[in-house]
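**Q** Let me begin by handing over the structure; questions about it come next.
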Amino acid sequence: MRKLSAFNLATLVLGIAFLYLPIVILIVYSFNASRLVVVWGGWSMHWYAELAGDAPLLGAAFISLRVALVSATAATVLGTLAAVALVRFGRFRGRLLFAAMIYAPLVMPEVITGLSMLLLFVAISVDRGFWTVVIAHTTMALCFVAVIVQARLVDFDMSLEEAAMDLGASPGRTFMAVTLPLILPAIAASWMLAFALSLDDLVIASFTTGPGATTLPIRIYSEVRLGVSPEMNAVCSIVVAVVGIAVIAASLLTKIGAARGAPAGN
Amino acid sequence: MSDAHKSMAKPRRSFVAKLVVRLPYAWLVAFFLVPFLIVLKISLSQTAIAQPPYTPIFDLAGGWHGIASFFAGLSLDNYAFLGSDPLYFLSYLKSLEIAALSTVMLLVIGYPIAYAMTRAPRRMQAVLVLLVILPFWTSFLIRIYAWMNILQHDGPLNRLLLALDLVREPPVWLSTNTAVYIGIVYSYLPFMVLPLYATLEKLDESLLEAAADLGCPRWKAFWLVTMPLSAPGVIAGALLCFIPAVGEFVIPDLLGGSRTAMIGQTIWTEFFANKDWPTASAVAVVLVCLLVTPIVIFQHQTMRGIERD
């Protein structure tokens, strides 16, 4: 087995520390008893208790969760269909435009995606609110879902599908009985990532939201613009915990999927 | 593989199969392509004190005459305005400068990390990849907020510097360009490390052994073999960092000062504060053009590379 050289080990430790230390500091400060963020006043759950009474914040969190649930589900359905179309349908008319529309939003600055969505809703005079944010988040997340599921479909043992078809199963039946169960972990993982993306988004939601649909990031943003506060440390720590658990679960699911659907002999 | 499948695909598809393509296709056309065309159209319109605050408005009810007068009402004035006001030019320049410099810093920091990851034992590599990905999914806004905590005047960083006697007066970090660079490098590090790791991991080690057998010192082998072979990863990582960094809004807004007006902020202000939708749209269109150019060049280079092989 190879051994890490001292230099490489030091690089890794420093790199990981750089990535995690700020978040750890944030979480530690959220348990600070002192009102002054920078003065350490001992451990306390005070700010978490305070949050329970902050109705606007809880309302925003509830809206964010609902938006994330609906948009992640819609994005997963549409994104999976898009991935199947890209990988299994060979060349169809407009495939190039289709592929471009899936990859472009991944690199498009959020400010522009948000602006263009808002201008669409204004042009067709739709009142902005819960559903416009859901539509915007679905569009953004479906591209991520498509890319993840597509990657899974590409390194998928095709002989399984071919065997099912040879035995007389229709393409639809083959998909439901063979393909879907095998790509299910990738689909579940992309649902969670879509959920995390929606829960995290500030810019697109700011453009597409309306009265009564203030999401949690919008609320957090308007607070942190004014500076650091112990309540915000506590809120942010909770969000980090929720998203962290979702992502670890998602990556475990992907691993299970990769082990299950890998071609024989791999 | 796809070629083999293409011949298998039946020419006539069922209704359900058509739906598989058409549903996501229609969604993307309606909510990605059309909105972008609207941005393009509004960038050619004039500001108006009305709702919506621009003119002309596309009105099919006006018949042929209405459509004709709509096109007659379009103009390039907004683009001329962008050219005449140095504010916009400087804002683009500043964004490109910050994005380019951050990308270089990310390369310098990210390359050794990616390299060290490939040197780790196999089992540990999977864990390391997860460790690098994890913060990328942990709320962007919150990671920037975490730095507001650290960089504040009597925050942990300044206390550490004072305790170590490295500075006499606590330096000001927030609302400076330095803070923006820290924020971008911190947020985008996974984007840089992952593609680099993917390329370096595939590197054939026997090449390095051959170089060593032929008497090439290790640093020289690294320079002559590893570096050139990792070029695709470097390009992919640089693009993945540079492109979103140019349009960044949250980082300069929370960590930067009023003098760090990046183009994402300019669009935001034009839109929300100045309510000048046509100008905001024109700024956005120019930004997209700026960002598409490096991608097209990259695509072109990759195609040439494939042809060469």
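The values are calculated or read from the model by the stated rules, or taken from the named source; none is laboratory data. Quantities reported herein were computed from a predicted structural model and do not represent experimental measurements. Cβ: placed from backbone, ideal geometry, glycine included. Neighbour counts: every protein chain shown. All accessible areas refer to the heavy atoms of the entire protein, side chains included, with ligands and DNA or RNA removed. Shrake-Rupley method; radii C 1.70, N 1.55, O 1.52, S 1.80 Å.
**Q** For every other residue with a beta carbon closer than 15 angstrom to the beta carbon of B:Phe81, add +1 if it is Lys or Arg and -1 if Asp or Glu, then tell me the sum. Present the calculation step by step, with values, prior to reporting the outcome.
**A** Working: positive: none; negative: B:Asp77, B:Asp85, B:Glu270, B:Asp276.
Local net charge: -4.
**Q** So, one more: Taking Cα centroids, how far is segment B:132-200 from segment A:194-252 in Å?
**A** 19
**Q** For segment A:111-120, what does the Karplus curve 6.51 cos²θ - 1.76 cosθ + 1.60, with θ = phi - 60°, yield as ³J(HN,Hα) per residue in whole Hz, taken in order and with x for Gly and Pro?
**A** Karplus-based 3J(HN,Hα) across segment A:111-120 equals 4, 6, 4, x, 4, 5, 4, 4, 5, 5 Hz.
**Q** In the protein assembly as shown, with Lys and Arg counted as +1 and Asp and Glu as -1 at Cβ, which of these residues, B:Leu161, B:Leu194, A:Pro185, has the Cα nearest the positive end of the dipole, that is, farthest along it?
**A** It is A:Pro185.
**Q** Sorted by mean Cβ packing within 10 Å, highest first, what order do the peptides A:81-94, A:109-122 take? It would help to have the intermediate numbers written out before the result.
**A** Values: A:81-94: 18.8, A:109-122: 24.9.
Packing proxy ranking, top to bottom: A:109-122, A:81-94.
**Q** Just checking the output field for B:110-122: average partner chain Cβ neighbours within 10 Å of each residue's Cβ? Don't skip to the answer; put the middle values down first.
**A** On the way: counts 1, 1, 7, 8, 2, 4, 11, 5, 2, 9, 6, 4, 2.
For peptide B:110-122, the averaged partner shielding equals 5.
**Q** Can you work out the FRET efficiency for the pair B:Leu160 and B:Asp213, with r the C-beta to C-beta distance and R0 = 35 Å, to the nearest 0.05?
**A** Working: r = 47 Å, r/R0 = 1.35.
E(calc), rounded to 0.05, equals 0.15.
**Q** Something else about it: Heavy atoms only, probe 1.4 Å: what % of the accessible area of segment A:103-223 goes to carbon and sulfur, would you let me know?
**A** Details: 2860 of 4350 Å².
Carbon and sulfur: 66 percent of the exposed surface of segment A:103-223.
**Q** Just subtract the alpha-carbon distance of A:Ala169 and A:Leu4 from 0.36 nm times their residue separation and send over the number in nm, one decimal. Please list the in-between numbers first.
**A** Working: separation 165, 0.36 × 165 = 59.40 nm, distance 5.18 nm.
Separation in residues times 0.36 nm, less the Cα-Cα distance, equals 54.2 nm.
**Q** Looking only at other chains, what is the average number of their beta-carbon atoms within 10 angstrom of each beta-carbon in A:155-163?
**A** Numbers: counts 1, 1, 0, 5, 0, 0, 2, 3, 0.
So the per-residue partner count for this stretch is 1.
**Q** Here is a follow-up. For chain A, what is the charge dipole size about the Cα centre, in debye to the nearest 20, if Lys and Arg each add +1 at the Cβ and Asp and Glu each add -1 at the Cβ?
**A** Values: 15 positive and 13 negative charges, 91 e Å.
It works out to roughly 440 debye.
**Q** Checking the a/c ratio against 1.5 first, then a/b against b/c, what shape does the Cα gyration tensor give for chain A?
**A** Details: a/c = 2.35, a/b = 1.41, b/c = 1.68.
The shape class here is oblate.
**Q** Buried by at least 40 Å² relative to the chain on its own: which residues of segment A:102-129 qualify, computing accessible area with a 1.4 Å probe on protein heavy atoms?
**A** By number: A:Val107, A:Met108, A:Pro109, A:Val111, A:Ile112, A:Leu115, A:Ser116, A:Leu119, A:Leu120, A:Val122.
**Q** Same structure, new question: Kindly report the accessible area of segment B:78-308 per residue (heavy atoms of protein chains, probe 1.4 Å, no ligands, DNA or RNA), in Å².
**A** Solvent-accessible surface per residue comes out at 47 Å².
**Q** Take the alpha carbon gyration tensor of the protein assembly as shown, find the square roots of its eigenvalues, order them as a ≥ b ≥ c, and report rounded if a/c is under 1.5; if not, report prolate when a/b exceeds b/c, else oblate.
**A** Numbers: a/c = 1.39, a/b = 1.01, b/c = 1.38.
The shape class here is rounded.
**Q** Using the heavy atoms of the protein chains and a 1.4 angstrom probe, tell me the accessible area per residue for chain A in square angstrom. Show your work: numbers first, answer last.
**A** Working: 11690 Å² over 266 residues.
Ligands and nucleic acids excluded, the result is 44 Å² per residue.
**Q** Taking amide hydrogens as modeled 1.01 Å from N in the peptide plane, which residues meet the under 5 Å criterion relative to B:Gln46, leaving out close sequence neighbours?
**A** Placed amide hydrogens put B:Thr55 under 5 Å from B:Gln46.
**Q** What does the charge count around A:Glu161 come to, taking other residues whose C-beta lies under 12 Å from its C-beta (Lys +1, Arg +1, Asp -1, Glu -1)?
**A** Net of charged neighbours comes to -1.
**Q** A further question follows. For B:Lys18, go through the aspartates and glutamates and keep the ones whose alpha-carbon is under 20 Å away, minus same-chain ones fewer than eight residues off.
**A** A:Glu161
**Q** For the B and A pair, go ahead and give the buried accessible area with a 1.4 Å probe, both sides summed, in Å² to 100.
**A** Values: alone 19930 and 15670 Å², together 27640 Å².
Protein heavy atoms only, the B-A interface buries about 8000 Å².
**Q** Got a sec to turn the phi values of segment A:150-160 into Karplus ³J(HN,Hα) couplings, 6.51 cos²θ - 1.76 cosθ + 1.60 with θ = phi - 60°, whole Hz, x for Gly and Pro?
**A** Computed from phi, the couplings for segment A:150-160 are 4, 4, 5, 5, 5, 9, 10, 6, 5, 4, 5 Hz.
**Q** Under a point spin-label approximation (7 Å from Cα along Cα-to-Cβ), what is the B:Leu203-B:Phe222 distance to one decimal in nm?
**A** That separation, rounded to one decimal, is 0.9 nm.
**Q** Can I ask one more? Counting only protein heavy atoms, what percent of the accessible surface of segment B:117-227 is carbon or sulfur at a 1.4 Å probe?
**A** Numbers: 3530 of 5550 Å².
Carbon and sulfur atoms account for 64 percent of the accessible area of segment B:117-227.
**Q** Something else now. Taking the mean number of other Cβ atoms within 10 Å as a proxy for protection, how do you rank A:217-223, A:171-177 from highest to lowest?
**A** Most protected by this proxy first, the peptides run A:217-223, A:171-177.
**Q** To continue, here is another question. What nm distance separates the two modelled labels at A:Arg35 and B:Thr178, each placed 7 Å from Cα along Cα→Cβ?
**A** Simple spin-label model gives 3.2 nm for this pair.
**Q** Quick check: residue separation of B:Leu229 and B:Leu37 times 0.36 nm, minus the Cα distance between them. What number comes out in nm? Intermediate results must be reported in sequence, preceding the final value.
**A** Details: separation 192, 0.36 × 192 = 69.12 nm, distance 4.03 nm.
Gain on extension, B:Leu229 to B:Leu37, equals 65.1 nm.
**Q** In addition: Local charge sum around A:Glu110 (other residues, Cβ-Cβ under 10 Å, Lys/Arg +1, Asp/Glu -1)? If you can, show how the numbers build up before the last one.
**A** Numbers: positive: none; negative: A:Asp201, B:Glu248.
Taking every Cβ under 10 Å from that of A:Glu110, the sum is -2.
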